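Notes follow once the structure below has been shown.
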Amino acid sequence: MIQEVDKAQAELERKEVLRKHKDYIFPCVTNYYAEPLVADHAKAQYVWDIEGKRYLDFFGGILTISVGHCNPKVTTKIKEQIDRLQHTSTVYPNEQIVALAEKLAQITPGRLQKSFFCNSGTEADETAVMLARMSTGHFDVVALRHGYSGHSLLAKSLTAHAPYRRAGIVSVGISHAVSPYCYRCPLHLTYPSCGVACAYDVEETIRTTTSGSIAAFLAETIQGVGGFIVPPREYFKIVFTIVKKYGGLFVADEVQTGFGRTGKKWFGIEHWQVEPDMITGAKGMANGTPVGLCIATPEVADGFKGMTISTFGGNPVTSVAARATIEVIEEDKLLDNCDRVGAYLRKKLEALQEKYPLIGDVRGMGLMQGLELVKDRKTKEPAPEATVQLMERCRAHGLLIGKGGLFGNVIRISPPLNINESDVDEAVQAMDKSFAEVK
Ligand code: PMP
């Protein structure tokens, strides 16, 4: 009886949350699922809804929960820091911000050394573009089609998905080269006989749509919102040479791919053996505590002219959270775990692809794996309705996954980096049942 009263109470509370969301939050802030999941609490790889149902979380708050929900090592440090020093703004230096900056200089590739901290990936990308313009004296920026950079006006201008660009965008000084999207090659070619023609489109774009010199090329190393699009092996090396020829800085947006997500390496760009002039980061960097990072080589960072400030950037609490997250990744050897468990997951997803014709493509790296769903493998017609159905079925079977892609037909899988093979087995079983139920 008590159980039933609690259930009825929980149902009321759930409805009340949904009502308030509708009444008081901008409608552009959309939720997954026909009946949105009202989250109540979470631990490690699991999330519980307000009615007590447990879910295995294979999306991690959009690639943000790197080391498990409410990781005890991270939260203990956050709590200690909150009791000691919560906020000073950047007008006083503190031990926490410099310790994090020093750590980042150690784990980022090449000569990246000086950091600017802010609160989100949007601000990080915005900072990188601003700094590139000041540091080079050039204005034009090349980004990629299917790319995503955030929710500010500049970040939306860099973004190349129509649904995110209905915001009075004025993209002056921003050009978009074709995406290295092999499954749907924009040039209608096939890798490797294509000669990685998409990379040379960056040069064509510079020569035809810019002043002839650029401030920066900014791209995600794996296009995240675009549907986990992984560029060919040669792609970034070719692009890097072109970017340098036209006087630009190479900016790797590692908001999704950073901090071990792709396995083996700290940052995605390291797999392509290119040393970027700047990296932007956010999401998984502090396991859910809001933080944004733009890290640059000293000479680029020193090119910032005039003043700037981010009141909360480098807040002692978020700095501690980020450093603790990095330490957990190091201590628990999660770069290796991500690589090993990611490979295990990938094999299982490929087996699902053999079983279900709906899965047109399996792609990704480490624990960032995507499934592109199509109505027909030959025509590759996108299957967004089936994608929505699959997500609903997975939820019913206690599994949370994400969605992306220009056509809304790519399943995004990005669990915490510290899951193991049995978590993968559980997730794939739920997906298998769900695929069988999709009409
Ligand atoms: N860059 C990339 C690659 C992203 O995926 C996102 C967020 N999805 C952003 C930038 C913007 O980050 P935020 O939402 O923290 O502003």
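The values are calculated or read from the model by the stated rules, or taken from the named source; none is laboratory data. Please read these numbers as outputs of a predicted model, since none were measured by experiment. Note that each Cβ is placed from the backbone with ideal geometry, even for glycine, and that neighbours are counted across all protein chains shown.
Assorted remarks:
- Matching residues, the range 247-274, being outside any helix (DSSP H, G or I) and among the aliphatic types (A, V, I, L, M): Leu249, Val251, Ala252, Val255, Val274
- Count of residues meeting criterion [over 13 Å from the mean Cα position of the chain (by Cα) and under 24 Å from Phe407 (Cβ atoms)] in the range 214-229: 1
- Failed item in (1) within 20 Å of Ile413 (Cβ to Cβ); (2) in the same structural domain as Glu220 (by TED's automatic domain parsing), with Ile359 passing the rest: (2)
- Close pairs (6 angstrom Cβ cut-off, 6 or more residues apart or separate chains): within 13 Å of Thr122 (Cα to Cα) and assigned by TED's automatic domain parsing to the domain that holds Ser120 in the range 152-173, part of a loop (DSSP other than H, G, I, E, B) and at pLDDT 95 or above anywhere: Ala155/Ser149; Leu158/Ser149; Thr159/Tyr148; Thr159/Ser149
- Considering residues of the range 121-146 that are touching a Phe, Trp or Tyr at 6+ places or on another chain (Cβ under 7 Å) and either more than 12 Å from the ligand (Cβ to nearest atom) or not assigned by TED's automatic domain parsing to the domain that holds Leu187 (or both) only, the residue nearest to Phe259 (Cα to Cα): Leu131
- Among the numbered conditions (1) under 24 Å from Phe240 (Cβ atoms); (2) not in a loop (DSSP other than H, G, I, E, B), the only one that Gly284 does not meet is (1).
- Verdict on Gln369 being more than 23 Å from Pro232 (Cα to Cα) and at pLDDT 95 or above: no
- Of the strands (runs of 3 or more DSSP E) lying entirely inside the range 1-120, those containing at least 2 residues that are within 30 Å of Tyr164 (Cα to Cα) and outside the structural domain of Ala286 (by TED's automatic domain parsing) are 39-43, 46-49, 54-57.
- Exactly one residue out of Lys20, Lys7 is loosely packed, with under 15 Cβ neighbours inside 10 Å, more than 20 Å from Gly288 (Cβ to Cβ) and modelled with pLDDT under 95: that is Lys7.
- Selection count, the range 287-299, where residues are more than 16 Å from the ligand (Cβ to nearest atom), in contact with a Lys or Arg (Cβ under 8 Å, 6 or more places away or on another chain) and not in a loop (DSSP other than H, G, I, E, B): 2
- Of all residues making up the range 183-193, the number that are without any contact (Cβ under 8 Å) to a residue 12 or more places away in the chain and either within 16 Å of the ligand (Cβ to nearest atom) or buried (at least 17 other Cβ atoms within 10 Å of the Cβ) (or both): 0
- Residues of the range 220-263 that turn out to be surrounded by 24 or more Cβ atoms within 10 Å (Cβ to Cβ), hydroxyl-bearing (Ser, Thr, Tyr) and more than 11 Å from the ligand (Cβ to nearest atom), as a count: 1
- Qualifying strands (runs of 3 or more DSSP E) (wholly inside the range 332-439; at least 2 residues being under 26 Å from Trp48 (Cα atoms)): 368-373, 402-404, 410-413
- The residues listed here are Gly342, Gly292, Gly284, Gly268; of these, the one that is buried (at least 24 other Cβ atoms within 10 Å of the Cβ) and assigned by TED's automatic domain parsing to the domain that holds Phe58 is Gly342.
- Among residues of the range 302-331, those that are touching a helix residue (DSSP H, G or I) at 6+ places or on another chain (Cβ under 7 Å), buried (at least 23 other Cβ atoms within 10 Å of the Cβ) and not in a helix (DSSP H, G or I), counted: 1
- Residue that is farthest from the ligand (Cβ to nearest atom), among those in the range 147-182 that are in a helix (DSSP H, G or I) and more than 17 Å from Thr221 (Cβ to Cβ): Ala162
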